[in-house]
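*Asks:* Provided herewith is a single structure, encoded as structure tokens, for subsequent inquiry.
The values are calculated or read from the model by the stated rules, or taken from the named source; none is laboratory data. Keep in mind that what you see is a predicted model, and the values were worked out from it rather than measured. Here the Cβ positions follow ideal geometry from the backbone for every residue, glycine too, while neighbour counts run over all protein chains shown.
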Amino acid sequence: MDAAEVPTEPEGPYRARMAEATRRAVPQGIDVSEREVVAGEVQVLYRTRCPCGHQWDAVEFQRLSLCQNCGRAVLVEAPKLPSE
């Protein structure tokens with residue numbers, strides 16, 4: 001094997017599947033293309049609603065918050081997140 005034929009970066013499983021899919025005859029009307037796959041970030045926002053109708057978001061869970069609209073203390077239960 002010639003060193004020039006070796007890819008500079010190993011093919012991931014998605015790229016390898018795409019290469020296999022493009023070798024086969026694709027039925028007419030189906031478009032096969034490549035896309036870059038990147039890692040994303042999930043951010044959880046906690047929305048609190050006061051009985052007065054005011055609502056606000058926070059990045060961290062707060063069990064007790066003060067409503068900026070009516071001034072009451074709003075006590076909430078911890079959310080039940082889906083388990084893995």
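*Asks:* Among the residues of segment 51-69, which ones are in a loop (DSSP other than H, G, I, E, B) and among the acidic types (Asp, Glu)?
*Replies:* Narrowing segment 51-69 to residues in a loop (DSSP other than H, G, I, E, B): 51-54, 59-63, 67-69.
Correct list: Glu60 only.
*Asks:* Starting from residues that are small (Gly, Ala, Ser) and at pLDDT below 90, keep the ones in segment 61-84 and report whichever is surrounded by the fewest Cβ atoms within 10 Å (Cβ to Cβ). Even if it seems obvious, please write down each step before you answer.
*Replies:* Keep residues of segment 61-84 that are small (Gly, Ala, Ser), which gives 65, 71, 73, 78, 83.
Now drop any that are not at pLDDT below 90, which leaves 78, 83.
Numbers: Ala78: 8, Ser83: 4.
The residue in question is Ser83.
*Asks:* Same structure again: For segment 34-60, name all the residues that are surrounded by 12 or more Cβ atoms within 10 Å (Cβ to Cβ) and either closer than 13 Å to Pro79 by Cα or in contact with a Pro (Cβ under 7 Å, 6 or more places away or on another chain) (or both).
*Replies:* Across segment 34-60, the qualifying residues are Tyr46, Thr48.
*Asks:* Given the structure, is Arg47 among the basic types (Lys, Arg) and either at pLDDT 90 or above or in contact with a strand residue (DSSP E or B) (Cβ under 8 Å, 6 or more places away or on another chain) (or both)? Walk me through it before giving the result.
*Replies:* Details: among the basic types (Lys, Arg): yes; either at pLDDT 90 or above or in contact with a strand residue (DSSP E or B) (Cβ under 8 Å, 6 or more places away or on another chain) (or both): yes.
Yes.
*Asks:* Mind counting the residues in segment 45-84 that are of a type in the set (Gly, Ala, Ser) and in contact with a Ser or Thr (Cβ under 6 Å, 6 or more places away or on another chain)?
*Replies:* Looking only at segment 45-84, we keep the residues that are of a type in the set (Gly, Ala, Ser), and these are 53, 58, 65, 71, 73, 78, 83.
Narrowing the set further to residues that are in contact with a Ser or Thr (Cβ under 6 Å, 6 or more places away or on another chain) leaves 65.
Residues meeting the conditions: 1.
*Asks:* Out of the residues in segment 1-27 that are outside any loop (DSSP other than H, G, I, E, B), hydrophobic (A, V, I, L, M, F, W, C) and surrounded by fewer than 10 Cβ atoms within 10 Å (Cβ to Cβ), state the one that is modelled with the highest pLDDT.
*Replies:* Looking only at segment 1-27, we keep the residues that are outside any loop (DSSP other than H, G, I, E, B), and these are 3-5, 13-23.
Next cut, hydrophobic (A, V, I, L, M, F, W, C) only: 3-4, 16, 18-19, 21.
This time we only want the ones that are surrounded by fewer than 10 Cβ atoms within 10 Å (Cβ to Cβ), so: 3-4.
Working: Ala3: 62, Ala4: 65.
Of everything passing the filter in segment 1-27, Ala4 is modelled with the highest pLDDT.
Yes or no, residue by residue, for (1) in a loop (DSSP other than H, G, I, E, B); (2) β-branched (Val, Ile, Thr):
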site	(1), (2)
Gly29	yes, no
Val32	yes, yes
Val38	yes, yes
Gln43	yes, no
Arg47	no, no
Gly71	yes, no
Pro82	yes, no
